[in-house]
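Following: one structure in structure tokens, then a few remarks.
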Amino acid sequence: MALVAVTGGAGFIGSNLVNYLVRKGYDVIVIDNLSSGKEEFISDAVRSGGARLIKLDLKRVRPNELAKYLNDVKTLYHLAANPEVRISVTSPEIHFNENILATFNVLEACRLGGIKEFVFTSSSTVYGDATKFPTPEDYHPLIPISIYGAAKLACEYLIITYSVLYGIKSLILRLANIVGPNQSHGVIVDFIRKLRSNPTVLEILGDGTQRKSYLHVSDLLSAIDVTLNFLRTSSSSFEVFNVGNRDWITVKEIADIVVEEMGLTNVKYVFKPATKDGRGWKGDVKFMLLDISKLMKLGWSPRYSSAEAIRLTVRTLLGRSHE
């Protein structure tokens, strides 16, 4: 099997991808500084010999040094990033360094190392406050409302330019909210943590009417396969796909699922809107539903609805994934 590399491979989505690739027989180089990722997430893959972990900080590594680790790599999956949208409002330099600078260093290493396939997990936040739902890939203008979204969009343009200039075929995936095993941040984790601390009261950021699309990570993995196969047959140097669900769900509905799955009753919801229009924080996109018709035309469709993905993830995080 071919040798592939996954940056951020010890993180939430990255570890799921690494384990998936190893199960399919690939040899995987995992590059992670373990700032948020955990070795335990990929321990089985490493023990089996299918994956090898290289501890590197991509915002500090020299591209020519990184390129030395990528000899014979066919495809590089670039997932390393800081995923915390809220942090980008108060500490924008974090997202410049961990998203834009890190991506530049990885692209340069790919150029120097002759890697010809590049897969990037972008974000629905590049659309900002879209006025069309579902939002298609050709929606304009792209006006992110968070530094996180702006950083992801900057990375997209870097990748596109490297594709055009240097012949690196690139796949840009604009993701909805992804949930599943190994998740360590996000609304589900936040709600479970709060309810374990106080099972009678749940503080909810925003007014609870925020409505977004959620996708189980297993559905994302199949989407990556489908879109990468399409890229390989495409005459274009790059392809952009939305990856999300056909439906969406409110924050209050997510809270209801978490409360139910934890077996709690009479929980008081305390809403904490950070803006006049009820957002959870400044820079939070209140409504998000991606148009996934381009992806579905390739024969892909999500197995789980947004609510089903949420419920399955809650059960997994509570240690009841087999019920």
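The values are calculated or read from the model by the stated rules, or taken from the named source; none is laboratory data. From a predicted model like this one, the values you see are computed outputs, not experimental measurements. We place every Cβ from the backbone using ideal geometry, glycine too, and count neighbours over all the protein chains shown.
Of the listed requirements (1) over 26 Å from Leu220 (Cα atoms); (2) of a type in the set (A, V, I, L, M, F, W, C); (3) not assigned by TED's automatic domain parsing to the domain that holds Ile204, Ala274 misses just one: (3). For region 154-168, give me each residue that is assigned to a helix (DSSP H, G or I) and under 16 Å from Thr75 (Cβ atoms). Selection gives Ile159, Tyr162, Ser163, Tyr166.
Taking helices (runs of 4 or more DSSP H) as the structural unit, those lying wholly within region 185-301 and holding at least 3 residues that are more than 30 Å from Ser163 (Cα to Cα) and not hydrophobic (A, V, I, L, M, F, W, C) correspond to 187-197, 251-261. Among the residues of region 283-304, write down those that are within 18 Å of Val85 (Cα to Cα) and in contact with a helix residue (DSSP H, G or I) (Cβ under 8 Å, 6 or more places away or on another chain). Result: Gly283, Asp284, Val285, Met288. From the list Gly113, Gly128, Gly37, Gly50, the one residue that fits, being on the phi > 0 side of the Ramachandran plot and not aromatic (Phe, Trp, Tyr), is Gly128.
If you check Val243, Val201 for being within 15 Å of the chain's Cα centre (by Cα), of a type in the set (Val, Ile, Thr) and either outside the structural domain of Gly11 (by TED's automatic domain parsing) or under 30 Å from Arg279 (Cβ atoms) (or both), only one passes: Val243. Among helices (runs of 4 or more DSSP H) entirely within region 75-132, having at least 1 residues that are farther than 15 Å from Pro63 by Cα and not small (Gly, Ala, Ser) singles out 85-90, 92-95. Only one entry in Ala10, Ala67, Ala80 is farther than 24 Å from Ile145 by Cα and crowded, with 23+ Cβ neighbours inside 10 Å, namely Ala10.
Only residues that are at pLDDT below 95, in contact with a Phe, Trp or Tyr (Cβ under 7 Å, 6 or more places away or on another chain) and crowded, with 18+ Cβ neighbours inside 10 Å were counted in region 83-111, giving 4. Of all the numbered requirements in (1) in the same structural domain as Thr200 (by TED's automatic domain parsing); (2) without any contact (Cβ under 8 Å) to a residue 60 or more places away in the chain, Thr233 misses one, and that requirement is (1). Counting only residues that are within 21 Å of Ile224 (Cβ to Cβ) and of a type outside the set (S, T, N, Q), region 281-309 holds 17 of them. Output yes when any residue across region 263-274 is under 30 Å from Ile172 (Cα atoms), among the aliphatic types (A, V, I, L, M) and touching a residue at least 24 places away in the same chain (Cβ under 8 Å), and no when none is. Within region 263-274, not a single residue is under 30 Å from Ile172 (Cα atoms), among the aliphatic types (A, V, I, L, M) and touching a residue at least 24 places away in the same chain (Cβ under 8 Å). Within region 13-46, the set of residues being surrounded by fewer than 18 Cβ atoms within 10 Å (Cβ to Cβ), assigned to a helix (DSSP H, G or I) and among the hydroxyl-bearing types (Ser, Thr, Tyr) comprises just one member, Ser43.
In this structure, Ser123 does satisfy being under 22 Å from Phe12 (Cα atoms) and either touching a strand residue (DSSP E or B) at 6+ places or on another chain (Cβ under 8 Å) or aliphatic (A, V, I, L, M) (or both). Of everything in region 190-234 that is in contact with a Phe, Trp or Tyr (Cβ under 7 Å, 6 or more places away or on another chain) and of a type in the set (Lys, Arg), the residue that is surrounded by the most Cβ atoms within 10 Å (Cβ to Cβ) is Lys212. Looking only at residues in region 112-166 that are crowded, with 16+ Cβ neighbours inside 10 Å and acidic (Asp, Glu), which one is nearest to Pro92 (Cα to Cα)? Filtering region 112-166 for residues that are crowded, with 16+ Cβ neighbours inside 10 Å and acidic (Asp, Glu), the one nearest to Pro92 (Cα to Cα) comes out as Glu156. With respect to the conditions (1) surrounded by 15 or more Cβ atoms within 10 Å (Cβ to Cβ); (2) more than 20 Å from Gly149 (Cα to Cα), Thr265 falls short on a single one, namely (1).
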